[in-house]
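Below is one structure, written out as structure tokens; the observations come after it.
Please treat every number below as a calculation from the coordinates, not as lab data. Because the structure is a prediction, the values reported are computed rather than measured. Here the Cβ is made from the backbone with ideal geometry for all residues, glycine too, and neighbour counts use every protein chain on show.
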Amino acid sequence: MPLLADTHVHLLAGLDDGPPTEDVALAMCRMLVSEGVGAATALAHQNPNYPDNTPARMLAAAAALSATLAAKKIPLAVFPTAEVMLSPNLVADWDAGRLLSVGNHRQWLLVEMPHGEFVDVLPLAEELRPRGLRLIIAHAERYLPLLYDHTMVSQWIAAGCLIQVTARTIAEPWDDEMAKGIEAWARGGLIHLLGSDGHGIDRRQPLLAAGYRRLAKLVGRSAAARIGSTWGTAILRGETVDVPPPHPPERKWFSRWF
């Protein structure tokens, strides 16, 4: 198994609903290493519930965590990142420097939907593209209107978006319909990145390996390595990533008669 990249894990102690203390954050980092992860986001939310999470605050916290990991010889590279909630003010906030991009490279913004809502991000993606900024859709499998609409997710990808899926959901889907949707995404080339969405040790642990192994069974080792390692590591480091277009959706067996 290659060294994995966790593109969605909350590691900034005390900044959001992730690890409450540095000790918990370090325990999460050790767990990530045991899962085979070599690079991860040092992430916290940016949304109205956490108004103090400015880029400067998160950058300082990520730098302190990185220094502690080096001092304790924990072999994990961490990259400052925000999980940004979509809002009508997102473009203005970006232009004003109020949002933190993935790795602070100003190339990718990790976004989530407002709680209980679903937003078509296509207009936003097209507005941000001339600014050199593209969207990563965090835990995209949660959004059922997207999971079951191959055309919509393909349009988002064509507009420059990447689709991130939670590893545990791949390994342990909520139900049979979720399993079918994720399998269709995987086989259709609609999954680009893995995240654990880890928040702690006692709950929502930072687990990636089981999801990666399940993904390898669905799409093969080479494709799984691109999703679980190559593309995520490159994005965290600020390197160029070009993903292939999705495959056309498979027709249902009965449609072949018409």
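Structure values in brief
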{"quantity": "Nitroxide proxy distance, nm - points 7 Å out along Cα→Cβ at GLU172 and GLU117", "calculated": "3.2 nm"}
{"quantity": "log10 of Debye I(q)/I(0), alpha-carbon scatterers only, for segment 119-186 at 0.17, 0.18, 0.28 Å⁻¹", "calculated": "-0.59, -0.65, -1.26"}
{"quantity": "For the chain: span of alpha carbons on each principal axis (Å, largest first)", "calculated": "64, 40, 33"}
{"quantity": "Helix 55-71 axis, angle to the chain major axis (alpha carbon atoms, nearest 10°)", "calculated": "80 degrees"}
{"quantity": "Segment 191-231: translational diffusion in µm²/s, Stokes-Einstein, Kirkwood Rh over Cα pairs, 37 °C, 0.692 mPa s", "calculated": "309 µm²/s"}
{"quantity": "Segment 120-258 - convex hull of alpha carbons, volume per residue in Å³", "calculated": "131 Å³"}
{"quantity": "Relative contact order of the chain, pairs being alpha-carbon contacts under 8 Å that are 6 or more residues apart, as %", "calculated": "22 percent"}
{"quantity": "Cut-off under 5 Å, modelled amide H: who pairs with VAL243 long-range", "calculated": "none"}
{"quantity": "Neighbour-count ranking [beta-carbon atoms within 10 angstrom, fewest first] of LYS72, LYS180", "calculated": "LYS72, LYS180"}
{"quantity": "Proximal aspartates and glutamates to LYS72, defined as alpha-carbon separation beneath 16 angstrom and excluding residues fewer than eight positions away on the same chain", "calculated": "GLU22, ASP23"}
{"quantity": "Computed E for ALA63/ARG213 - FRET, C-beta separation, R0 35 angstrom, nearest 0.05", "calculated": "0.60"}
{"quantity": "Descending principal axes extents, segment 1-136, alpha-carbon based, whole Å", "calculated": "44, 34, 27"}
{"quantity": "Crossing angle, helix 209-219 versus the chain [Cα axis fit, 0-90 degrees, rounded to tens]", "calculated": "20 degrees"}
{"quantity": "Residues whose placed amide H lies under 5 Å from that of GLU83, excluding near-sequence neighbours", "calculated": "ALA44, HIS45, GLN46"}
{"quantity": "In order through segment 185-199: 3J(HN,Hα) via Karplus (6.51 cos²θ - 1.76 cosθ + 1.60), integer Hz, x for Gly, Pro", "calculated": "4, 4, 6, x, x, 9, 10, 10, 9, 10, x, 8, 6, x, 10"}
{"quantity": "Angle in degrees between helix 22-34 and the longest Cα principal axis of the chain, rounded to the nearest 10", "calculated": "40 degrees"}
{"quantity": "Gained length - ALA96 relative to ARG30, 0.36 nm times residue gap less alpha-carbon distance", "calculated": "20.2 nm"}
{"quantity": "Within-10-Å neighbourhood charge of LEU147 [Cβ basis; K, R +1; D, E -1]", "calculated": "-1"}
{"quantity": "Segment 104-148: Cα Rg divided by the 2.2 N^0.38 Å rule of thumb", "calculated": "1.21"}
{"quantity": "Förster radius 35 Å - calculated FRET efficiency between HIS247 and GLU22, Cβ distance, rounded to 0.05", "calculated": "0.20"}
{"quantity": "Extension reserve of the THR54-GLU183 stretch, reckoned as 0.36 nm per residue once the Cα distance is removed", "calculated": "42.7 nm"}
{"quantity": "Sorted peptide list for 163-172, 7-16, criterion being average Cβ within 10 angstrom, highest first", "calculated": "7-16, 163-172"}
